[in-house]
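Colleague: Sharing a structure with you now.
Bear in mind these aren't lab numbers, they're just calculated from the coordinates by the rules spelled out. Computed from a predicted structure; not experimentally measured. Every residue, glycine as well, gets a Cβ built from its backbone with ideal geometry; the counts of neighbours run over all protein chains shown.
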Amino acid sequence: MGPVPSGYASGADVAALLVLLTEFAMLRAPQLRSQVRLYAFQSLVVVVLTAVTGAVRCHPDLYILAALSLLLKVVIVPALMLRLLRELDVGQLHHPAGGGGGSMVLVAIAVSVFGFFALRSLGFHSKILPTATLSVAVAVVLVAFVLVVLRSDVVSQAVGFFSVENGVSIVSMAIAAGLPVVVEVSFLFDLLVAVVVFGLIMRAHHARAGTLSTGALDRLRG
Amino acid sequence: MHLVLIALFVVPLAAVVLSYFAPAKAASPVSAVAGIASFGLCLALVPAASAGTQHALGTFLRLDALSEVFLLATTFLYATTAVFASGYLHISQGAEGQRYAKLFWGGFNLFCAAMVAAPIMNGLAALWVAVEVTTVVSALLVAIDGTDEATEASWKYVLIASLGLSLALFATVVMYYAGSSFFAGSYNLSFTNLLSGASHFSPGAVRLAFVLAVLGYGTKMGLFPVHTWLPDAHSEAPSPVSALLSGALLAISFYAILRYFQVTEKTVGPGFPRAVMAGFGVASLLLAALYLLSQRDMKRLFAYSSVEHMGIIAIGTSFGAPIALFGVLLHVLAHGAAKGTAFFGAGSVVRKFGTKDMEVVRGGASVLPWSGTMLVAAVLALSALPPFGIFRSEFLVVEGGLSSGGDALAAVLVVLVTVAFFGLSWFTTRTMLSAPPASGEGAGAEEVPARGEVSIWIVVAMVAGLAVLVLLGVHLPSDLASLLRDAAGQILPGGAK
């Protein structure tokens, strides 16, 4: 592999930053529908990054991955989630940010800074993507965890889980580009199965509790 | 031998298809036959696994002594749980009952198929996929009864376990990176590659991968502080599912951690991975021992006992002495048999008394003369009393700890296990060995259940579990002992090839 072309490198950094900013937007999104759309946009950025990396780095495998990701993460998963929201007729939550919106963002900024520098200190080198992209991808994973922990509705928690996968897939592109494509595809397939199961359980929860909030999930303690 | 290995992979999958499409009446015998056949096939593989590494379907399937130990635990529970579930389930006649039977047995077999597949997958990526399949299928099985509690438990389970597994996916990617400079170019994460190249991997990346793997798979294994889904899912799932979760699934997750342990030990030496296991083990054991003292729900009690035993297993792994590792692997087998039997007994109590609240259940052993009594025996086994297998395995773990300079840790282990014993035996004797409530006592007193067993199949499954426990405790078959010795050797530094 030659040195990273400068135009491509800055493009990759911008893409990773876009993914991270989308994650922050998801933290604050008051409407569940807009959160799902943000996830679709985030996945689209990852798909474009995958395809461009495939072209620049001559990794034709990445095209297959990009095509499948486009189908699954940009089209099918958001469509399934939006259909679920339409059927349950809930798009708006009364208390979007369970733990206070401002402090949520502060926590997210703190963990993303931590992720950024922690990864730097490990000294990982990517032959495919600039190192900064890798650090930002790790920050994406951490902020997605903050999203799952602090939002108090099941849809945000599910979307948070899906976007953890977006972060991991950028990391995987950066440091494990040689990972056989069949492996990556089985990861994706697995995501689809998870989406279906998440959907079924969300439906069951809504049918019993009449809400998507996790406030009703407080029976099991100790 | 290759055909046997392939058959073991295929039989549970065939049972998935059959139990879903065949008439609902046929589903439980089909599953029981598939379970018993899988256990038989697994026993037939013991000599081959001791002889060396076996491959089948190219290099897709791989069997060595270490995988065989976990296969034994899984297939034994598959067989006994299928028999138990035939007696435990009450399928109603209508269309709803048919639908429930199809979903339950289809999911049951798929869950077992994924757990059987996990230890014979050749590589960390395929292993991850198998473990993730176990998560999504078992989450649906936890939710299948459709109560508020079951829905809550399954949501917590699927969310927490999936997030844990996304860390395990991260670990897989980092492990790939760790080897990429040595293999230069594309390679796959097969154990053959990993174990041969591990000593040249990049140490920093391997350390990160190991910690991520322990956190990720540790979520499914029930290690503190990522165990929080476990008591809920184990207590709210139907009892057959609880038995599989506790006896087999936790073991499979430990197996995944052991694979990372092998590689890490080769790259950075045994000190680091042992310290990580010791930390998680002590924390889990401490938490579980304290929580065991304050439970009301019988299945929750057994769930915390699972956390306790996973803590013992993690601590035993950290000792690193061959005898302790032998004990750890024996513990995996014995804990599977004991916890399976305990949950079968709890299932019998739930069916008989209509509750698992230990403040309500009284006189269990006199109302349920067989399964109640055997439940008490299973709890004694879980508390590591002789003549049961867990006594032998914990003894070996402690002996290994004392012989390898882990005196303080071994002492902590013994103290905490004693605390756990107190909690387990206190609640069980109160519910099972007390006098049954006199009928008509007080105005709102519930009716005293009639004396007698719920189903003969529950008794059969429990007898099988206790028989194995006594066998493991009293006379370890020599083939099994040599298998465990080989498997323990593979976890030692320089052991695995």
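Colleague: Lys and Arg at +1, Asp and Glu at -1: add these up for the other residues within a Cβ distance under 14 Å of A:Val75 and post the number. Working shown, then result.
Modeller: On the way: positive: A:Arg37, A:Lys73, A:Arg83; negative: none.
Result for the neighbourhood of A:Val75: +3.
Colleague: Another question about this same structure. Taking H placed 1.01 Å from N in the peptide plane, check which residues at least 5 places from B:Leu61 or on another chain put their amide H under 5 Å from its amide H.
Modeller: Correct list: B:Ala56.
Colleague: Here's a follow-up. Mind listing the phi-derived Karplus ³J(HN,Hα) values for region B:451-463, rounded to whole Hz, using 6.51, -1.76 and 1.60 with θ = phi - 60°, and x for any glycine or proline?
Modeller: My calculation for region B:451-463 gives 5, x, 7, 6, 7, 5, 5, 5, 5, 4, 4, 5, 4 Hz in order.
Colleague: If you don't mind, another one. Under unit Cβ charges (Lys, Arg +1; Asp, Glu -1), what dipole magnitude, rounded to 20 debye, does the protein assembly as shown have relative to its Cα centre?
Modeller: Values: 37 positive and 34 negative charges, 116 e Å.
The dipole magnitude comes to about 560 debye.
Colleague: For B:Asp297, which sequence-distant residues (separation of 5 or more, or a different chain) have an amide H within less than 5 Å of its own amide H, given hydrogens modelled in the peptide plane?
Modeller: B:Met358
Colleague: Among B:Val307, B:Val463, which comes first, second and so on when ranked by fewest other beta-carbon atoms within 10 Å? Walk me through the numbers on the way to the answer.
Modeller: On the way: B:Val307 26, B:Val463 15.
Least crowded to most crowded, the residues run B:Val463, B:Val307.
Colleague: So which helices of chain A fit the span-like rule, where a helix is a whole DSSP H run, its Cα atoms reach 27 Å or more along the axis, and its mean Kyte-Doolittle is at least 0.5?
Modeller: Correct list, ordered by number: A:6-28, A:32-56, A:101-122, A:131-150, A:154-175, A:181-209.
Colleague: In whole Hz, with x marking every Gly and Pro, tabulate ³J(HN,Hα) for region B:101-106 from phi via Karplus 6.51 cos²θ - 1.76 cosθ + 1.60, θ = phi - 60°.
Modeller: Using θ = phi - 60°, the values come out as 4, 4, 5, 5, 6, x Hz.
Colleague: I've got another one for you. Just want the ordering: B:Cys112, A:Cys58, B:Cys42, from fewest to most Cβ atoms lying within 10 Å of their own Cβ.
Modeller: With the fewest neighbours first, B:Cys112, A:Cys58, B:Cys42 line up as A:Cys58, B:Cys42, B:Cys112.
Colleague: What are the ³J(HN,Hα) values, in whole Hz, obtained from phi via the Karplus relation 6.51 cos²θ - 1.76 cosθ + 1.60 with θ = phi - 60°, for each residue of region B:488-493 in sequence order, with x given for Gly and Pro?
Modeller: Karplus-based 3J(HN,Hα) across region B:488-493 equals 4, x, 6, 8, 6, x Hz.
Colleague: Which whole number gives the average, over all residues in A:195-206, of C-beta atoms from other chains lying within 10 Å of the residue C-beta?
Modeller: Counting other chains' Cβ atoms within 10 Å and averaging over A:195-206 gives 5.
Colleague: If you don't mind, there's one more thing I want to ask. Given the -39500 (n - 2.57) contribution per DSSP H run of 4+ residues, what per-residue ellipticity at 222 nm results for the protein assembly as shown, rounded to the nearest 500 deg cm²/dmol? Don't skip to the answer; put the middle values down first.
Modeller: Details: 29 runs with 539 residues, N = 719.
Mean residue ellipticity, 222 nm, calculated: -25500 deg cm²/dmol.
Colleague: Right, another one. What are the residues whose amide H is under 5 Å from the amide H of A:Asp153, where those residues sit 5 or more places off or on another chain and H is modelled from the backbone?
Modeller: Answer set, sorted by chain and number: A:Thr214.
Colleague: Quick one: order B:Phe183, A:Phe162, B:Phe344 by neighbouring beta-carbon count within 10 Å, fewest to most.
Modeller: With the sparsest Cβ surroundings first, the list reads B:Phe183, A:Phe162, B:Phe344.
Colleague: Within the protein assembly as shown, how many Lys pairs that are eight or more residues apart, or on different chains, come under 15 Å at the alpha-carbon?
Modeller: 6
Colleague: In addition: Positive end of the charge dipole of region A:1-92 (Lys, Arg +1 and Asp, Glu -1 on Cβ, about the Cα centre): tell me which of A:Gly11, A:Gln35, A:Ala67 has its Cα farthest that way.
Modeller: A:Gln35
Colleague: With Cβ to Cβ distances under 15 Å as the rule, what net charge do the other residues near A:Glu165 carry (K, R +1; D, E -1)?
Modeller: Here the charged neighbours net out to -3.
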